[in-house]
Amino acid sequence: MEQVKVGIENLNLYYENGKRSLHALKNLNMQIAEKKVTAFIGPSGCGKSTCLKTLNRMNDLVSGCRIEGTVTIDGKDIYDPRTDVTLLRKRAGMVFQKPNPFPMSIYDNVTYGPKIHGIKSKAKLDEIVESSLRAAALWDEVKDRLKQSALGMSGGQQQRLCIARALAVQPDVLLMDEPTSALDPISTLKIEDLMGDLREKYTVIIVTHNMQQAARIADNTAFFLLGQLVEYTNTTDMFNNPADERTERYITGRFG
């Protein structure tokens, strides 16, 4: 029996600008399993990235954004007014589409979060750097140049560094918004392999435009269309036997 990590109940999201209102997410309901990779797929503008960003309240940063409904992690409502958003974003780390390392050393990139959360011991920080870079399959490539600028790394290495930076604060959930779309095929493969390893410790939720990628790496897949959740099931069933005709048209390329 899969343990539920993230719950979404009757979730509606609106962008309001003066008299105009866009209903971007429409009554979403889903339960996301712990220690699995869940993929969100669908055409551009369908709401998958918007949904991802509700899971660590990144939408709080968007003016005119209004949310109704409930989002829980481990049964606790993350939109409860008493929620500490800084701690929430520690628990639900985010990796973005384009690698965004800080303009500082590789070492300082990884220790940035732990230092904010009060870790000062050099020995402890050294340990976090090594374990996070190992978890991101990057340690062997950069262990001899930890003091060099992260901006000198390749794009694929930078993205794995951003994953290491997210892992350094020991999140429960790792949110990835098209993490390989800006990368070459070899770097993409490394990050896909990495996601397979990460599911042993973390709940991974990935937005991807690449259906082959979802089929390769995800345990469960959700198909979004026009702000609605059309279908959500285990990945094998979705790709081999979709329940909804719209899903079938999308994954066979007969969409639009």
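The rows are residues; the columns are (1) surrounded by fewer than 16 Cβ atoms within 10 Å (Cβ to Cβ); (2) within 19 Å of the chain's Cα centre (by Cα); (3) without any contact (Cβ under 8 Å) to a residue 24 or more places away in the chain; (4) within 22 Å of Asp177 (Cα to Cα).
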{"residue": "Leu61", "(1), (2), (3), (4)": "yes, yes, yes, yes"}
{"residue": "Lys90", "(1), (2), (3), (4)": "no, yes, no, yes"}
{"residue": "Ala123", "(1), (2), (3), (4)": "yes, no, yes, no"}
{"residue": "Glu130", "(1), (2), (3), (4)": "yes, no, yes, no"}
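Name, by its number, the condition in (1) farther than 26 Å from Thr86 by Cβ; (2) surrounded by 17 or more Cβ atoms within 10 Å (Cβ to Cβ); (3) over 14 Å from the mean Cα position of the chain (by Cα) that does not hold for Glu192.
(3)
In the range 143-168, which residue that is of a type in the set (A, V, I, L, M) and buried (at least 20 other Cβ atoms within 10 Å of the Cβ) is farthest from Met94 (Cα to Cα)?
That would be Met153.
Find all pairs meeting these conditions: Cβ atoms under 7 angstrom apart; at least six residues apart or on different chains; first residue within the range 202-220 and farther than 21 Å from Val4 by Cβ and in contact (Cβ under 8 Å) with a residue 60 or more places away in the chain; second residue aliphatic (A, V, I, L, M) and not in a loop (DSSP other than H, G, I, E, B).
Thr208/Ala39; Thr208/Ile41; Thr208/Ala214; Met211/Ile41; Met211/Ile251
Inside the range 89-113, can you point out the residues that are part of a helix (DSSP H, G or I), touching a Lys or Arg at 6+ places or on another chain (Cβ under 8 Å) and either within 22 Å of Glu192 (Cβ to Cβ) or modelled with pLDDT of 95 or more (or both)?
Residues satisfying the conditions are Ile106, Tyr107, Asn109, Val110, Tyr112.
Please work out if Lys115 is within 16 Å of Arg160 (Cβ to Cβ) and either surrounded by fewer than 18 Cβ atoms within 10 Å (Cβ to Cβ) or touching a Gly at 6+ places or on another chain (Cβ under 6 Å) (or both).
So Lys115 fails the test.
When you look at Tyr79, is it of a type in the set (Ser, Thr, Tyr), more than 18 Å from Ala166 (Cα to Cα) and surrounded by 16 or more Cβ atoms within 10 Å (Cβ to Cβ), yes or no?
In short, yes.
Is at least one residue of the range 232-245 within 28 Å of Tyr15 (Cβ to Cβ) and outside any strand (DSSP E or B)?
For the range 232-245, residues within 28 Å of Tyr15 (Cβ to Cβ) and outside any strand (DSSP E or B): present.
Residues checked against (1) surrounded by 23 or more Cβ atoms within 10 Å (Cβ to Cβ); (2) touching a Ser or Thr at 6+ places or on another chain (Cβ under 9 Å):
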site	(1), (2)
Thr188	no, yes
Arg199	no, no
Thr203	yes, yes
Val207	yes, yes
Asp219	no, yes
Gln228	no, no
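Within the range 24-81, how many residues are hydroxyl-bearing (Ser, Thr, Tyr) and in a loop (DSSP other than H, G, I, E, B)?
Qualifying residue count, the range 24-81: 3.
Thr180 versus (1) over 28 Å from Arg165 (Cβ atoms); (2) free of Cβ contacts under 8 Å to residues at least 60 places away in the same chain; (3) not in a strand (DSSP E or B): which is the lone unmet condition?
(1)
Under 6 Å between Cβ atoms, which residue pairs at least 6 apart in sequence (or on different chains) link something in the range 148-169 that is more than 9 Å from Ser187 (Cβ to Cβ) with a partner that is among the β-branched types (Val, Ile, Thr)?
Between residues of the range 148-169 that are more than 9 Å from Ser187 (Cβ to Cβ) and residues that are among the β-branched types (Val, Ile, Thr), the close pairs are Ala150/Ile106; Cys162/Val95; Ile163/Val95; Ala164/Val110; Arg165/Val110; Ala166/Val95; Ala168/Val110; Ala168/Ile128.
Limited to the range 33-55, what total is found for residues that are crowded, with 18+ Cβ neighbours inside 10 Å, among the charged types (D, E, K, R) and closer than 21 Å to Asp77 by Cβ?
Looking only at that region, the number is 1.
For the list (1) surrounded by fewer than 16 Cβ atoms within 10 Å (Cβ to Cβ); (2) hydroxyl-bearing (Ser, Thr, Tyr); (3) not in a helix (DSSP H, G or I), I need the number of the one condition that Thr86 fails.
Against the list (1) surrounded by fewer than 16 Cβ atoms within 10 Å (Cβ to Cβ); (2) hydroxyl-bearing (Ser, Thr, Tyr); (3) not in a helix (DSSP H, G or I), Thr86 comes up short only on (3).
The values are calculated or read from the model by the stated rules, or taken from the named source; none is laboratory data. Remember, predicted model here, so these are calculated numbers, not experimental data. A quick note on method: Cβ atoms are made from the backbone with ideal geometry, for glycine too, and the neighbour counts reach across all protein chains shown.
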